[in-house]
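To start, the structure itself, in structure tokens.
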Amino acid sequence: MQVLAPILDSALLVRYTSVIAMRTADFDYELPPDLIAQRPAPRGAARMMVLNRSTGDVHLSAFDAFPSYLCPGDTVVLNDTRVTARRVAALGLPRGGEALLLRPVGETEWEALVRPGRAFRVGKVVSLAGPDGRSIEARVRSVEPDGSRRLEFRCAQERDRMASAGSAPTPPYIREPLVDEEAYQTVYAREGGSAAAPTAGLHFTEAMLERVRSAGARIAWITLHVGVDTFRPVKCERADDHLMHGEWYQLGAEAAEVINATSGRVVAIGTTSVRALESAAVEDRRVRPTAGATHLFITPGYRFRVVSAMLTNFHLPRSTLLMLVSAFAGYERTMEAYRTAVRERFRFYSFGDAMFIS
């Protein structure tokens, strides 16, 4: 295990985040393109950076050591969403028209992002490439306020067939085709509805989950369906001018009971788990069973009410995810940790290495 020096004095950190860190440009960093992971490592085989947010100490470790950083009484919270989105070709349209089917809605519809938008007017019937190469028709039922479409199929059977059409979408920075689509699902994925994987969870194997339990930690399951906006950088000059996209989440009664009875730390696996937990908070260290859309935008200065530690990957510059991590670990410590990750040639983004912040 390699030990690195503390990053920044905490008093200076507080002053910096309260005055400067809300500019979007402050969340930029240089990343050599060859450090963007193009394919997943074998589950459990990633490297892991460990950052102590109280002292600034950084250790370079391996994800296999993750259970050793847990304590009896901790609760590990995992997002059990499953990627159901499908990218399918829209036939007969110029310039490579397509639909990104996000999630089934009702009995006969999909919610979808489309291009070109002008070809998907309300009432228009479009032909989509089905799973067997045959076209399946859908009518554009509505245009939603966020620009997405509701595509209505002739029957539930045709709607359901589209679940195996096309290909699973991967982030735009992954240029290599996904050979095994299950590699972009967590081993515990079960609640369909996500447009992207909660990538911190991709590191886990069933054996690792057992080792978490053996370390004396309990596991709680929540659901947050990841939206495609998670890949988009913030465009506003000031970060707090950004309009946060909504994502549907659910925290059930059983999970709330486990979390509220936690005697140790609440350890969130991924930024999606962080947003769900903080959205469900009713007071410090307590959550309520709830379901709905969260628009929570966590930036430096936010006071965390539930989450005590976080496992995450290394995120895009100028992204809401990097801002969330900076809020949790401190802006300067986060950005210095990222510079360290570049120097040490960690793998970045969805298929990259892990970072444990405690």
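Bear in mind that the values in this text are calculations on the coordinates, not laboratory data. Just so you know, these numbers come straight off a predicted model, no measurement behind them. Cβ: placed from backbone, ideal geometry, glycine included. Neighbour counts: every protein chain shown.
The GluC sites (Glu not before Pro) of the stretch 40-137 that DSSP puts in a loop, and whose beta carbon has at most 12 other beta carbons within 10 Å, are GLU107. Computed over the stretch 279-358, the percent of Cα pairs more than 17 Å apart is 51.
One quarter of the convex hull surface built on the alpha carbon atoms of the stretch 171-272 amounts to 8.7 nm², the projected area averaged over directions. Could you tell me the center-to-center distance, by alpha carbons, between the stretch 23-53 and the stretch 230-305 in angstrom? A separation of 22 Å, based on Cα centres. Relative to the longest principal axis of the chain, what angle (0 to 90°, nearest 10) does the C-alpha long axis of helix 10-19 take? Taking the Cα atoms of the chain, the angle to 10-19 is about 40 degrees. Potential lengthening of the chain between GLU206 and ARG303 amounts to 31.6 nm, from the contour at 0.36 nm per residue minus the alpha-carbon distance.
Taking amide H as placed 1.01 Å from N in the peptide plane, the amide H of LEU91 sits under 5 Å from that of SER127, LEU128, ALA129, each at least 5 places away or on another chain. What you get for the stretch 86-164, charging only the Cβ of Lys and Arg (+1) and of Asp and Glu (-1), is a dipole of about 300 debye around the Cα centre. Packing-based ranking of 264-276, 241-253, 192-204 yields 264-276, 192-204, 241-253, ordered from highest to lowest mean Cβ neighbour count within 10 Å. Highest mean packing first, where packing is the average number of other Cβ atoms within 10 Å per residue, the peptides 41-50, 282-291, 220-229 line up as 220-229, 41-50, 282-291.
Under the combined filter of DSSP loop state and at most 16 neighbouring Cβ atoms within 10 Å, the stretch 261-358 retains these chymotrypsin sites (Phe, Trp or Tyr not before Pro): TYR302. For ALA220, the amide hydrogen comes within under 5 Å of the amide hydrogens of VAL76, VAL77, LEU78, counting only partners 5 or more places away or on other chains and with H modelled in the peptide plane.
So for the stretch 101-216, taking the charge dipole from beta-carbon charges (+1 Lys/Arg, -1 Asp/Glu), which of GLY192, ILE174, GLY123 sits furthest toward the positive end? So the residue we want is GLY123. On the principal axes of its alpha carbon atoms, the stretch 86-164 extends 27, 26, 19 Å, with the longest extent given first. Assuming R0 = 41 Å, can you tell me the calculated FRET efficiency for the pair GLU158 and ASP34, based on Cβ-Cβ distance, to the nearest 0.05? Computed FRET efficiency for GLU158 and ASP34: 0.40. Between GLU283 and SER127, the FRET efficiency from the beta-carbon distance, with R0 = 41 Å, is close to 0.20. Any chance you could check the Cα centroid distance between the stretch 143-196 and the stretch 321-338 for me, in angstrom? First find each Cα centre; the distance between them is then 31 Å.
Against the chain, whose longest principal axis comes from its Cα atoms, helix 320-329 is set at around 20 degrees.
Computed about its Cα centre, the charge dipole of the stretch 209-354 is approximately 300 debye, with only Lys, Arg, Asp and Glu carrying charge at their Cβ. For the stretch 201-241, trypsin sites (Lys or Arg not before Pro) meeting the loop criterion (DSSP other than H, G, I, E, B) and having at most 15 other Cβ atoms within 10 Å: LYS235. Here the chain is treated with +1 on each Lys and Arg Cβ and -1 on each Asp and Glu Cβ, and its dipole about the Cα centre works out to around 620 debye.
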